[in-house]
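The values are calculated or read from the model by the stated rules, or taken from the named source; none is laboratory data. Quantities reported herein were computed from a predicted structural model and do not represent experimental measurements. Cβ: placed from backbone, ideal geometry, glycine included. Neighbour counts: every protein chain shown. All accessible areas refer to the heavy atoms of the entire protein, side chains included, with ligands and DNA or RNA removed. Shrake-Rupley method; radii C 1.70, N 1.55, O 1.52, S 1.80 Å.
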Amino acid sequence: FFRWYWQKEKRAPYVRFMEANYPPGFKYEDFGPLFTAEFFDPNQWADILKASGAKYVVLTSKHHEGFTLWGSKYSWNWNAVDVGPKRDLVGELATSIRNRTDLRFGLYHSLFEWFNPLFLEDATHVFKTRMFPTSKSLPELYEIVTKYQPEIIWSDGDGNAPDTYWNSTGFLAWLYNDSPVRDTVVTNDRWGVGSICKHGGFYTCSDRYNPGHLLPHKWENCMTIDRQSWGYRRDAKLDDYLTIEELVKQLVETVSCGGNLLMNIGPTHDGRIAAIFEERLRQMGAWLQVNGDAVYATRPWRAQNDSAAPGVWYTSRPAEGKVYALFLNWPVSGTLALGEPRATLGETEVRLIGHKALLKWAALEEKGMVVALPQLSLKQLPCQWGWALQMTNIK
């Protein structure tokens, strides 16, 4: 978004920064050769992503400024093979992900480009002409699907144009019927004005979307570890990054309401995942290693969060008769009072995930129960930032 703020909105801090630090007449295109990626190690990226506990990864193959991270035939001299790194970054990461992990490989692709003259020309004709999608955007989409076979296509940036301008239905028909990934691919909901949160394999609805209640359609909370940015900011302060406690809270709330969490990081121009992002990813992976049973392949329960206890969210595995209560704060009293579960004496069993012994509990009069948590030292706790009870034979 730097380019938009600097050249289109002409925000004073951005204009001043460029005037103070770059020679007169410096154009955005001059950043191309400065994007060097000399430290980009796709194997290292793959190992970090695997350690995060993620099940899929989505790489931004092209954002709204049009630079493609692969050597696109349709983006002459404005791609990572011709300029800057002189490497096929999409292909290298795809190979490493597939060789070293079980993650599904996905690609983000921006339909429109802020400053592309063909797009701007179409816009002046109120999108009655279609020079840009036919010569640039659609050919790129066919190219990345055929070449890299991504199993998630994360479309974005409709440029205020309808899906008919983009021929989204034509592309999606090919994708789901004839493409090399037709049997495994999933797509989001950003395919033209009015399609978001209405059409798509999964809904995104808006950036950083976390409704806090169950949605009738599969959805994704696509958010950033840096509260303010999707890219890497050299001037970011520690407070700008979400803590692991805040990230676990986002994950728990999202999964309880039937969503997936897409947690964005911004790599550096020289190709690194900054240490702060690596730490957050590895922390999330450590948490999921303990509590993954309460997250992966679970279904929303009849209640998403608890009526009596704040900060308690539910997931379930109906086929196994298991309900999980994920709680974000360890109670000082050592007991957790839950308003939603109905327990049966002699049948209901409660465990703390990561701790062996069964827990004692007592039913409350109307509904609900009180669970006695084990008395554990900090070192004995199964994890540090949120815990999960596994309950069987709960009504």
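Within the stretch 110-159, restricting attention to residues that are among the polar types (S, T, N, Q) and assigned to a helix (DSSP H, G or I), which residue is least open to solvent (accessible area, probe 1.4 Å)? Applying the filter and picking the extreme gives 137.
Being out of contact with any His (no Cβ under 8 Å at 6 or more places or on another chain) and open to solvent by less than 50 Å² (accessible area, probe 1.4 Å) is not true of residue 189. Those strands (runs of 3 or more DSSP E) of the stretch 318-376 in which 1 or more residues are of a type in the set (Val, Ile, Thr) and without any contact (Cβ under 8 Å) to a residue 40 or more places away in the chain occupy 335-338, 369-372.
Listed here are the residues, each with its yes/no results for (1) surrounded by 14 or more Cβ atoms within 10 Å (Cβ to Cβ); (2) not in a helix (DSSP H, G or I).
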site: 6; (1), (2): yes, no
site: 17; (1), (2): yes, no
site: 23; (1), (2): no, yes
site: 26; (1), (2): no, yes
site: 30; (1), (2): no, no
site: 38; (1), (2): no, yes
site: 49; (1), (2): yes, no
site: 53; (1), (2): yes, yes
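Look at the stretch 258-284: where a residue is closer than 12 Å to residue 224 by Cα and a partner is open to solvent by 40 Å² or more (accessible area, probe 1.4 Å) and in a loop (DSSP other than H, G, I, E, B), sitting 6+ places away or on another chain with Cβ atoms under 6 Å, you get 264/230; 266/232.
The residue that is surrounded by the fewest Cβ atoms within 10 Å (Cβ to Cβ), among those in the stretch 377-395 that are of a type outside the set (Ser, Thr, Tyr) and not in a loop (DSSP other than H, G, I, E, B), is 390. If you filter the stretch 96-109 down to residues that are part of a helix (DSSP H, G or I) and out of contact with any Pro (no Cβ under 7 Å at 6 or more places or on another chain), you find that the one that is nearest to residue 2 (Cα to Cα) is 97.
Being among the aliphatic types (A, V, I, L, M), farther than 21 Å from residue 222 by Cβ and surrounded by fewer than 20 Cβ atoms within 10 Å (Cβ to Cβ) narrows it down to one of 350, 323, 332, so name that one. Answer to the check: 332.
There is no residue in the stretch 215-232 that is open to solvent by 40 Å² or more (accessible area, probe 1.4 Å), in contact with a strand residue (DSSP E or B) (Cβ under 8 Å, 6 or more places away or on another chain), assigned to a strand (DSSP E or B) and at negative phi.
Of all the residues in the stretch 103-131, those that are of a type outside the set (Lys, Arg) and more than 22 Å from residue 187 (Cα to Cα) number 16.
Of these, 294, 309, 303, which one is within 30 Å of the chain's Cα centre (by Cα), under 21 Å from residue 210 (Cβ atoms), open to solvent by less than 20 Å² (accessible area, probe 1.4 Å) and modelled with pLDDT under 95?
Values: 294 fails: modelled with pLDDT under 95; 303 fails: modelled with pLDDT under 95.
After applying the criteria, what remains is 309.
Per this entry, residue 236 is not counted among residues that are open to solvent by less than 20 Å² (accessible area, probe 1.4 Å) and in a loop (DSSP other than H, G, I, E, B). Among the residues of the stretch 160-186, those identified as open to solvent by 30 Å² or more (accessible area, probe 1.4 Å) and among the hydroxyl-bearing types (Ser, Thr, Tyr) are 164, 169, 176, 184.
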